[in-house]
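Reading through the structure tokens given below for one structure.
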Amino acid sequence: MKKTTVISIANQKGGEGKTTTSLNLAHGTALEGYQTLLIDMDPQANSSGIFIQSDSLETSIADVFLQKKKLSDVIIATKYENLSLAPSKINLAEVELAPLNVEAPYVLRDSLVSVQNKFDFIVIDCPPSLSIFTVNALVASNYVIVPLQAEKFSIDGIQGLQNTIESIKRRINPELQIMGALITQLKNNTVLTKTILPVIKNYFPVFQNSISMGVAIGESHLSRQSIMDYNSSVKQATEYSSFVKEVVNELKK
Ligand SMILES: Nc1ncnc2c1ncn2[C@@H]1O[C@H](COP(=O)(O)OP(=O)(O)OP(=O)(O)O)[C@@H](O)[C@H]1O
Ligand SMILES: [Mg+2]
């Protein structure tokens with residue numbers, strides 16, 4: 001495995017499981033003993049909200065984009081051992097209104113240079129859009145993981161997402177690799193294997209592990225915990241732990 005592995009969790013469609021996957025991949029790697037940084041690149045600040053009251057934050061990732069702070073100044077420790085957070089806050093949305101300059105896609109990549117040697121894993125929770133934040137995340141990453149549901153509407157945008165990833169790879173970040181798609185909120189295995197999986201496989205490799213639909217996920221968010229911390233014996237906790245192992249093993253290849 002390379003010294004630091006930067007993984008974007010991206011899908012322009014909303015509600016596909018980006019934040020749930022980012023949180024649980026980040027805590028999962030931390031539980032495996034890796035120093036991990038979770039970067040919240042979404043103005044909705046959902047993953048930050050697990051750890052802090054983000055609207056009362058003084059500094060956030062927005063300050064890095066507004067060139068007021070260095071990334072190392074906004075990173076905070078979390079309640080979980082080995083896991084740090086670069087939190088977001090609603091004012092990150094203002095960054096999108098600022099005039100674009102030629103350096104805009106590179107802000108995150110440049111800011112990572114100073115913290116990179118402190119972490120084994122950096123996991124980036126992207127917003128539900130192909131905005132400048134998702135572009136920054138993909139430009140800064142070695143890998144992208146695409147969480148998606150096995151639903152018709154979830155595969156409708158898959159071509160657009162693949163085009164964006166491929167064009168960033170071609171034009172800016174040739175190192176970027178698609179690690180795979182992770183099926184989340186799985187209800188019906190037959191529909192998945194018969195209808196949806198073949199479509200997804202046309203675009204992305206698909207992880208062996210998938211995540212079933214279950215109320216424990218919503219409950220874990222409400223109690224502001226990863227699913228492994230909330231209840232390590234629930235099905236989704238076992239599935240996310242296996243997914244984390246699959247990611248780590250993929251990197252050892
Ligand atoms: N495996 C699951 N079982 C049941 N509910 C789930 C599961 N995974 C995610 N959810 C629920 O689906 C919703 C969307 O999940 P999540 O916030 O992780 O998606 P997202 O892609 O980050 O959304 P957004 O695009 O708004 O950022 C949440 O309410 C979450 O609790
Ligand atoms: Mg989210």
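The values are calculated or read from the model by the stated rules, or taken from the named source; none is laboratory data. The model shown is predicted, which means the values in this text are computed figures rather than measured ones. Cβ atoms come from the backbone with ideal geometry, glycine included; neighbour counts cover every protein chain shown.
The residue that is farthest from residue 54 (Cα to Cα), among those in the stretch 83-102 that are surrounded by fewer than 20 Cβ atoms within 10 Å (Cβ to Cβ) and polar (S, T, N, Q), is 101. Exactly one residue out of 158, 165, 178 is surrounded by 21 or more Cβ atoms within 10 Å (Cβ to Cβ) and among the β-branched types (Val, Ile, Thr): that is 165. Here 96, 103 are screened, and the one residue that is more than 18 Å from the chain's Cα centre (by Cα), within 16 Å of ligand 1 (Cβ to nearest atom) and under 29 Å from residue 162 (Cα atoms) is 96.
Here residue 197 meets each of (1) within 20 Å of the chain's Cα centre (by Cα); (2) more than 16 Å from ligand 1 (Cβ to nearest atom) with one exception, condition (1). Inside the stretch 29-55, residues that are touching an Asp or Glu at 6+ places or on another chain (Cβ under 9 Å), away from ligand 1 (no atom under 13 Å from the Cβ) and assigned to a helix (DSSP H, G or I) make up a count of 4. Residues that are within 22 Å of residue 161 (Cα to Cα) and more than 10 Å from ligand 2 (Cβ to nearest atom) within the stretch 1-37 comprise 5, 6, 7, 8, 10, 12, 13, 25, listed in sequence order.
A single entry from 76, 50 fulfils the requirement of being surrounded by fewer than 19 Cβ atoms within 10 Å (Cβ to Cβ), under 18 Å from the mean Cα position of the chain (by Cα) and farther than 25 Å from residue 99 by Cβ: 76. Tell me which residues, restricted to the stretch 166-212, are more than 23 Å from residue 137 (Cβ to Cβ), of a type in the set (A, V, I, L, M, F, W, C) and not in a strand (DSSP E or B). 191, 192, 196, 197, 199, listed by residue number. For the stretch 111-130, a residue qualifies if it is aromatic (Phe, Trp, Tyr) and part of a loop (DSSP other than H, G, I, E, B), and exactly one does: 119.
For the stretch 115-138, the candidate set comprises residues that are polar (S, T, N, Q) and out of contact with any Cys (no Cβ under 8 Å at 6 or more places or on another chain); within that set, the residue that is surrounded by the fewest Cβ atoms within 10 Å (Cβ to Cβ) is 117.
Checked against (1) touching a residue at least 60 places away in the same chain (Cβ under 8 Å); (2) surrounded by 15 or more Cβ atoms within 10 Å (Cβ to Cβ); (3) under 17 Å from residue 10 (Cα atoms), residue 112 passes all but a single condition, namely (3).
Condition check ((1) touching a residue at least 60 places away in the same chain (Cβ under 8 Å); (2) in contact with a helix residue (DSSP H, G or I) (Cβ under 9 Å, 6 or more places away or on another chain); (3) within 19 Å of residue 20 (Cα to Cα)) across all residues:
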residue: 49; (1), (2), (3): yes, yes, yes
residue: 54; (1), (2), (3): no, yes, yes
residue: 60; (1), (2), (3): no, yes, no
residue: 63; (1), (2), (3): no, yes, no
residue: 72; (1), (2), (3): no, yes, no
residue: 84; (1), (2), (3): no, yes, yes
residue: 95; (1), (2), (3): no, yes, no
residue: 103; (1), (2), (3): no, yes, no
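Taken together, the criteria exclude residue 85 from residues that are in contact with a Lys or Arg (Cβ under 9 Å, 6 or more places away or on another chain), outside any loop (DSSP other than H, G, I, E, B), of a type in the set (A, V, I, L, M, F, W, C) and within 16 Å of ligand 1 (Cβ to nearest atom). Among the residues of the stretch 173-193, the one identified as in contact with a strand residue (DSSP E or B) (Cβ under 8 Å, 6 or more places away or on another chain) and at pLDDT below 85 is 192.
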